[in-house]
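The values are calculated or read from the model by the stated rules, or taken from the named source; none is laboratory data. Quick caveat, the model's predicted, so the values are computed rather than measured. Here Cβ is always computed from backbone atoms with ideal geometry, including for glycine, and neighbour counts include all displayed protein chains. Surface areas here come from the heavy atoms of the whole protein model, side chains and all, with no ligands, DNA or RNA. Shrake-Rupley method; radii C 1.70, N 1.55, O 1.52, S 1.80 Å.
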Amino acid sequence: MNTSSTGQAHTPTFDIAIIGAGLAGSLCAHLLSQSNQTVCVIDKSRGSGGRASSKRLEGDVSCDLGTPYIIAKHPEIISLFKQLAKEHIVAPWKQLNKADTQAFVGVPKMSAVTRHLLGDTHFITNTRIQHLEKVTHQNQQPYWQLRDDKYQPIVIAKTIIIAAPAPQAASILATHSELAVLLLRANQASSAYQSQWAMWLETETCDLSALIEPKNSPIKRMIKDNYKPLRHSEKMDRWVIQTNPDWTKQHIDSDKEWITQTLLQAFADITEHRVLKHGEPHRWFFSRFTENKGNHNFAWSAENSVGLAGDWLCQGDAEGALLSALSLAQCIKDSK
């Protein structure tokens, strides 16, 4: 993964620029880099992963505050993860398997998946793309110039893929009038997202299940992060707790200290275990989407060479993000 800052004297040019380094954007980069095209990925964060990123706690210790695992049920995604398992990028979490689904986690953390998929792709971090404009390049063909939130040019590309949550995709698409059809699709999905609070905490080791989904609680899901495959620790149990959507909607703007104390009390009520240590709650505004169904599980404007990929276009979950990326990447390859 070739990472750079954006303070360059000239604007670099690529065949494809991908906005967003989550699961969808990273898989698009992986697949399209194999077709001898130059690819650049740009993300507003300091690393890859998006909602499948990992939180570093201290030293080399981390936990997954976002996507805790990926449930795969489509043959293409199961095949992808079995290959990643052979390369020791993911591990199956067999305890969560069901008759028609398989569960996987990143090794040693979820963000390992996107880091692996990005490979040697040129990766620009800490950069928020906010403007698109068409420019005429050296060969007189139309290209796209991507500008950041300070209106500084970042890259020039023939093709753009926006692999970001629907509201963020819409704000970028709205900067160019020729992208109205794609903007409509993103706007339609923008009201159908769920937010979530997440935080980590530690207790003494206990025999409680590694995955608990309480009823009638602010907490939707409690995961023993250190009980995931290849992460076991006997010194303590590190939990990640995630709130349920309805409760989150009521308290999305509440004071973080109040959120912290409420969740700690809810955890104690459920487990009857004392919390030894905890982190600050993280607010995921765009935690999960309801699928915005269309003819395809991606969106592609051939005349403008702009595409959209993400969970909100397909299933609304992590597997949906990957399926969307697979389909869009194949569409772009077929159009060349």
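Descriptive notes on the structure:
- Number of the exception - F285 against (1) open to solvent by 40 Å² or more (accessible area, probe 1.4 Å); (2) more than 18 Å from L65 (Cα to Cα): (2)
- Any hit, region 152-161, residues being over 25 Å from A91 (Cα atoms) and without any contact (Cβ under 8 Å) to a residue 12 or more places away in the chain: no
- Strands (runs of 3 or more DSSP E) contained entirely in region 33-76, each with at least 1 residues that are of a type in the set (G, A, S) and at pLDDT below 90: 61-63
- Leading residue by the ranking (farthest from I16 (Cα to Cα)) among those in region 141-179 that are crowded, with 16+ Cβ neighbours inside 10 Å and of a type in the set (D, E, K, R): D148
- Condition met for A198 (under 22 Å from the mean Cα position of the chain (by Cα), closer than 23 Å to R56 by Cα and in contact (Cβ under 8 Å) with a residue 60 or more places away in the chain): yes
Each row is one residue, and each column tells you yes or no for (1) open to solvent by less than 30 Å² (accessible area, probe 1.4 Å); (2) under 22 Å from L132 (Cα atoms); (3) hydroxyl-bearing (S, T, Y); (4) touching a Leu at 6+ places or on another chain (Cβ under 9 Å).
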site: A21; (1), (2), (3), (4): yes, yes, no, yes
site: S26; (1), (2), (3), (4): yes, yes, yes, yes
site: H30; (1), (2), (3), (4): no, no, no, yes
site: R51; (1), (2), (3), (4): no, no, no, yes
site: R56; (1), (2), (3), (4): no, no, no, no
site: S62; (1), (2), (3), (4): yes, no, yes, no
site: L65; (1), (2), (3), (4): yes, no, no, no
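- Residue check for V90: in contact (Cβ under 8 Å) with a residue 60 or more places away in the chain, open to solvent by less than 30 Å² (accessible area, probe 1.4 Å) and of a type in the set (V, I, T): no
- The strands (runs of 3 or more DSSP E) falling completely within region 260-336 that include 3 or more residues that are closer than 30 Å to L179 by Cβ and touching a residue at least 60 places away in the same chain (Cβ under 8 Å) map to 282-289, 306-308.
- The set of residues in region 194-253 that are part of a helix (DSSP H, G or I) and open to solvent by less than 10 Å² (accessible area, probe 1.4 Å) comprises D225, N226, T248.
- Candidates D207, D253 - the one that is under 22 Å from P167 (Cβ atoms) and without any contact (Cβ under 8 Å) to a residue 12 or more places away in the chain: D253
- Taking the criterion of being within 15 Å of L308 (Cα to Cα) and part of a loop (DSSP other than H, G, I, E, B), the residues of region 156-175 that qualify are A163, A164, P165, A174.
- Annotation for region 307-330: no member residue is farther than 14 Å from A198 by Cα, more than 25 Å from the chain's Cα centre (by Cα) and open to solvent by 40 Å² or more (accessible area, probe 1.4 Å).
- Pairs where the first residue, in region 56-80, is farther than 28 Å from W197 by Cβ and the second is assigned to a strand (DSSP E or B), C-beta under 7 Å, 6+ apart: I78/A72; I78/Q102
- Among the residues making up region 112-157, those that are of a type in the set (S, T, Y) and within 20 Å of S35 (Cα to Cα) are T114, T121, Y143.
- If you go through region 288-306 and pick out every residue that is open to solvent by less than 30 Å² (accessible area, probe 1.4 Å) and closer than 20 Å to N244 by Cβ, you end up with 1.
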